[in-house]
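**Q** Have a look at this one.
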Amino acid sequence: MNYKTRNRSLNRWIEEAVALCKPERVHLCDGSDVEYDELARGLVEAGKITPLKKRPNSFWCHSDPDDVARVEESTFICSEREEDCGPTNHWQDPKTMHAKLNELFDGCMQGRTMYIVPYCMGPVGSEFSIVGVQITDSVYAVLNMKIMTRMGKPALEHLGEKGTFVPGLHSVGVPLKPGQKDMFWPCNLKERRIVHFPEERRICSFGSGYGGNALLGKKCLALRIASAIGRDEGWLAEHMLILGITNPEGEKKYIAAAFPSACGKTNLAMLQPTLPGWKVECVGDDIAWIRFGKDGRLYAVNPENGYFGVAPGTSEKTNPNAMRTIERNTIFTNVALKPDGDVWWEGINGAPPPGLISWLGKPWTPESGPASHPNARYTVPSRQCPIFDPEANNPDGVPLSAIIFGGRRSSTIPLVFESLSWQHGVFLGASVSSETTAAAKGEVGKLRHDPFAMLPFCGYHMGDYFSHWLEMGKRGKNLPRIYYVNWFRKGADGRFIWPGFGENCRVLKWIFERTSGSEEGKLTPIGYVPTSLDLSGLKLSQEESLLSVDKEAWLQECEELKSYFKLFDPRMPKGLLQELQQLKERLHSS
Ligand code: OXD
Ligand code: MN
């Protein structure tokens, strides 16, 4: 078993992990297509994934019914001092946690192969990219990491002899005795925990094989650990899509947008505009690393190399570009399987066809609940997106003209409004709340605060994170303007007022033109709302409620925010409390 690399500290860590986890075999991943094919073939032969007749080089698989989403209650930030973790994260003393993890990982890979997965978040060769190494016993995780990151040899080359990396130890937590038959989807739900050591820049994940719990480059490295690195180094790691938008005259701008999980980031990132002459191109759909460029502007890089998108609800109507993207080379997890060897999910195209196998791996009947799990996913290389932005791999990133925050709110929040200043924009980010979705385990549809859509992903004290955003605003030039959008407002009849999807380009157009100074806005107590939103050709039944500012509802929102912000005492920045006070005063005098 030759798993030596050129990097001595990596070799040392691998030796430690081998000694602790006691695998039967060790495999250093080179990240090649040949390796991917071989690993996938192994899973096919074991009956764990099914090749799809209708989509070249694509597979269907399903997980344990209880290992289907991120588990926030079992996600820990083990900072040295409890107060640095903050009230929105779960903390445990790092020493105690290390001791527990040592117990759990001891012998956890017996009878299995340990895969060493070097990966690079951000373009290979970029000085801003971060190398991670995931050690895992899940072949499914390896296959997904190959799609989601720049994995294997290129990452090791980027790391070089002396480079540093973020270690991430992952195990499904099910050792195998000699001759013991493996579980269909091995996982150890009782001991499941996703652990981050922000000062050590280290990740340990035990017991889950699904999504953000197991693909450590995504939420664990690119958000939780990277947010702590960004705080220390003066940049931002954000839960944001990045898109390029070009107007009919050929002028192009870039916009980043933060929405909570499963609130339409991928749909917006791949938007097919309904307005003639407008074009959107996709840089990323989930994560943005944002830094100052030499000219003082903010530039964004998507550290990922693939999309791990929510399948249900994705269709020709909601996201035709995603539909093209996933035609080949895609892993589908927890969707339904059709008898003709294709996949199906709720919202793809009408009623369920006959003969479906549900995400539970059993024949589907109308009584057995949804055929696909609401958090079912596709994993696919980003370059397959037909509107992949030509600058998506630019190591310096793309310059941002606007930043958008948003949530899923059935009332109060208008379709779009613009902040009055950077500080007011940061206040808007801090005030995001949204109805919960299936992306995380727990109740769906409950309103919860999700500042900057980072509630589950900020690797340190949220109050310090707000301050970091305020500080960033003092350093830059030509900063992006900050907006708040809400596609989900409902009218008196309980129906969505705004059609959404491709029509959202009308909102992007207004933002585009505002940032050029060529579009009117009306000053209201909450910020600027459009006076001339392009609604040409649209029939809206409750247009008057789209942009209205309900004074009483906003005053109530202020009271709610006041008590929420107390949570961050004594680290709540004064600037944001001032913004809240001023908002109240503007509302009272309106
Ligand atoms: C995701 C999430 O998977 O936010 O992107 O949960
Ligand atoms: Mn996300």
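**Q** Looking only at region 245-297, how many residues end up being in a loop (DSSP other than H, G, I, E, B), at negative phi and within 15 Å of ligand 2 (Cβ to nearest atom)?
**A** Going through region 245-297 one residue at a time, the tally reaches 8.
**Q** Sticking with this one: Looking at (1) within 16 Å of ligand 1 (Cβ to nearest atom); (2) surrounded by fewer than 24 Cβ atoms within 10 Å (Cβ to Cβ), which is the only condition T246 fails?
**A** If we test T246 against (1) within 16 Å of ligand 1 (Cβ to nearest atom); (2) surrounded by fewer than 24 Cβ atoms within 10 Å (Cβ to Cβ), just (1) comes out false.
**Q** When residues of region 396-425 are filtered for being over 20 Å from the mean Cα position of the chain (by Cα) and either in contact (Cβ under 8 Å) with a residue 60 or more places away in the chain or assigned to a strand (DSSP E or B) (or both), how many remain?
**A** Looking only at that region, the number is 17.
**Q** Taking region 1-23, which residues are of a type in the set (D, E, K, R) and over 20 Å from N102 (Cβ atoms)?
**A** K4, R6, R8
**Q** Could you check how many residues of region 360-400 are more than 27 Å from G31 (Cα to Cα), of a type in the set (S, T, N, Q) and away from ligand 1 (no atom under 16 Å from the Cβ)?
**A** Adding up the residues that qualify gives 2.
**Q** Sticking with this structure for a sec: What number of residues in region 93-117 are in contact (Cβ under 8 Å) with a residue 60 or more places away in the chain and farther than 30 Å from Q180 by Cβ?
**A** Of the residues in that region, 1 qualify.
**Q** If you scan region 337-364, which residues turn out to be touching a residue at least 40 places away in the same chain (Cβ under 8 Å) and in contact with a His (Cβ under 9 Å, 6 or more places away or on another chain)?
**A** L337, W359, L360, G361
**Q** For region 63-104, how many residues are touching a Leu at 6+ places or on another chain (Cβ under 7 Å), under 19 Å from C458 (Cβ atoms) and buried (at least 17 other Cβ atoms within 10 Å of the Cβ)?
**A** Residues that pass the stated criteria total 1.
**Q** Restricting the first residue to region 281-293 and requiring it to be polar (S, T, N, Q), which pairs with a second residue that is away from ligand 1 (no atom under 16 Å from the Cβ) meet a Cβ separation below 9 Å and a spacing of at least six or different chains?
**A** Pairs that qualify, where the first residue is polar (S, T, N, Q) and the partner is away from ligand 1 (no atom under 16 Å from the Cβ): there are none.
**Q** May I pose another question? Which ones in region 564-590 are in a helix (DSSP H, G or I), out of contact with any helix residue (DSSP H, G or I) (no Cβ under 6 Å at 6 or more places or on another chain), of a type outside the set (S, T, N, Q) and farther than 19 Å from D550 by Cβ?
**A** Y564, F565, K566, K574, L577
**Q** Let me ask you something else. Name, by its number, the condition in (1) more than 18 Å from V68 (Cα to Cα); (2) within 16 Å of ligand 1 (Cβ to nearest atom) that does not hold for A430.
**A** With respect to (1) more than 18 Å from V68 (Cα to Cα); (2) within 16 Å of ligand 1 (Cβ to nearest atom), A430 is out only on (2).
**Q** Right, G309: within 22 Å of T437 (Cα to Cα) and buried (at least 18 other Cβ atoms within 10 Å of the Cβ) or not?
**A** When the stated conditions are applied, G309 passes them.
**Q** Among (1) surrounded by 18 or more Cβ atoms within 10 Å (Cβ to Cβ); (2) among the aliphatic types (A, V, I, L, M); (3) within 16 Å of ligand 1 (Cβ to nearest atom), there is one condition M472 misses while meeting the rest; what is its number?
**A** Condition (3) is where M472 drops out.
**Q** I'm told G517 meets every condition in (1) closer than 30 Å to G250 by Cβ; (2) part of a strand (DSSP E or B); (3) without any contact (Cβ under 8 Å) to a residue 12 or more places away in the chain except one. Can you identify the failing condition by its number?
**A** So G517 meets the others, but not (2).
**Q** Here is a further query. Looking only at region 356-376, count how many residues are under 21 Å from I326 (Cα atoms) and either buried (at least 24 other Cβ atoms within 10 Å of the Cβ) or more than 30 Å from the chain's Cα centre (by Cα) (or both).
**A** 6
**Q** Now a separate question. Six or more apart or on different chains, Cβ atoms under 9 Å: show the pairs whose first residue is in region 365-388 and in contact (Cβ under 8 Å) with a residue 12 or more places away in the chain and farther than 30 Å from G244 by Cα and whose second is within 14 Å of ligand 1 (Cβ to nearest atom) and β-branched (V, I, T).
**A** Sorted first by the residue in region 365-388, then by its partner, the pairs are H373/V68; H373/T333.
**Q** Among the residues of region 544-554, is any aromatic (F, W, Y), part of a loop (DSSP other than H, G, I, E, B) and surrounded by 13 or more Cβ atoms within 10 Å (Cβ to Cβ)?
**A** no
Laboratory data are not the source of any read-out in this text; all were calculated from the coordinates shown. Owing to the predicted nature of the structure, the values given are computational and were not obtained by experimental measurement. Note that each Cβ is placed from the backbone with ideal geometry, even for glycine, and that neighbours are counted across all protein chains shown.
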